[in-house]
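**Student:** Before I ask anything, here is the structure I am working with.
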């Protein structure tokens, strides 16, 4: 006996509501078998995308750049008469660069502690925080949308491709025994995680569940139970799909329900508390949505053995005006988040890297609104057991006097490291992606890195 079409339409309508609630409406799951050797890979990544373009010069301050007075090229203090942080008010990283004071609070016990993490004085783990200045790509685009697109799809210049580097990695090494290998904490999916393998995007762990009036039910169990019940029954009956479009619908629904079932058993119904040492830092993050995203990313990476990649956004870095009021709370929240993650991820520290990205930096010269405009190179933070700590691309050997205005138009800090080289290191040296497959994950990488007269693809030594 088959269900009537009207009954099936009812189930489809209910499941559509569920998909929409989960942020997965209209998306398909396409699976590939895992590549032998990387199945069950315990290595993990947690990314935070700093949307709007972080002011890299204000985050990692090049105090050592004295400018070139005879040529009218200003120093940092001269270029930012109202925004500059004095050397004595920042935290010295290497005698040349300084850490913005909003990243570290020496007196507040629950304040950010990024300087202590950088120095390796928190605990026995040592120096596991790398700060990399001057990251970007050739012909830097200064549109938010376009540059974010290039950072996420890994192909500078390709505007249309809605497919991310991290999704390509998970697609290439899809482990069908692990229902959840990647997840985004956000209101909508990021290009970085879009692609052939559709990955869940949720606002919180509590959101990844069916509405209260819709049950998972049970799968058909022939011959005694041909129909099953609930959504499991609707999407797993023998003899369906009938029409071609139903194959996509039913496979999507069935895979989603399998993921929901796995999620309930592995996460939702399992008691959890963050590491006690992390809780005070999570509690101090002023943007509670961002705090929830970061904490849920950490929880999922710890609780789900097969989960390799989780990430989220921190919005608000487009500081064209009143930067002295708008930027400090963002940097403090980021410092608190990284400090909390340092403590919370300790049980999986040796297998985990946390990293930040942002679409570009900002102008070296402050504008008339006491802010900064879209620039070129940005900075990244990378933290974890596999990381060799230090400040890179911001010392006397890599930063000449006047480099604050080193682009061809004399307005921005020119990049020294291509962001794709950092992605490549994370994929090959950390996740274990064979270099022979890097072209599949980052198309065009082989040619770009081979034709590299300026050394943009020569990595700073941040991998231990």
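**Student:** Go through the stretch 193-216 and report how many residues are part of a helix (DSSP H, G or I), at pLDDT 90 or above and out of contact with any strand residue (DSSP E or B) (no Cβ under 7 Å at 6 or more places or on another chain). Full working, then the answer.
**Tutor:** From the stretch 193-216, those part of a helix (DSSP H, G or I) are 193, 205-207; that's our starting set.
Then keep just the ones that are at pLDDT 90 or above; that gives 193, 205.
Then keep just the ones that are out of contact with any strand residue (DSSP E or B) (no Cβ under 7 Å at 6 or more places or on another chain); that gives 205.
Result for the stretch 193-216: 1.
Let's see how each residue does on (1) crowded, with 23+ Cβ neighbours inside 10 Å; (2) closer than 19 Å to residue 50 by Cβ; (3) not assigned by TED's automatic domain parsing to the domain that holds residue 43:
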{"position": "278", "(1), (2), (3)": "no, no, no"}
{"position": "286", "(1), (2), (3)": "no, yes, no"}
{"position": "292", "(1), (2), (3)": "no, yes, no"}
{"position": "297", "(1), (2), (3)": "yes, yes, no"}
{"position": "305", "(1), (2), (3)": "no, no, no"}
{"position": "310", "(1), (2), (3)": "yes, yes, no"}
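**Student:** Now for a separate question. Within the stretch 204-227, identify whether any single residue is under 17 Å from the mean Cα position of the chain (by Cα) and under 20 Å from residue 52 (Cβ atoms), and answer yes or no. First the steps, then the outcome.
**Tutor:** So in the stretch 204-227, the residues under 17 Å from the mean Cα position of the chain (by Cα) come out as 204.
Now drop any that are not under 20 Å from residue 52 (Cβ atoms), which leaves none.
The answer is no, given that none of the residues of the stretch 204-227 is under 17 Å from the mean Cα position of the chain (by Cα) and under 20 Å from residue 52 (Cβ atoms).
The values are calculated or read from the model by the stated rules, or taken from the named source; none is laboratory data. Everything numeric here is computed off the predicted structure, so don't read it as measured data. When we count neighbours, we look across all protein chains shown, and the Cβ atoms used for this are built from the backbone with ideal geometry, even at glycine.
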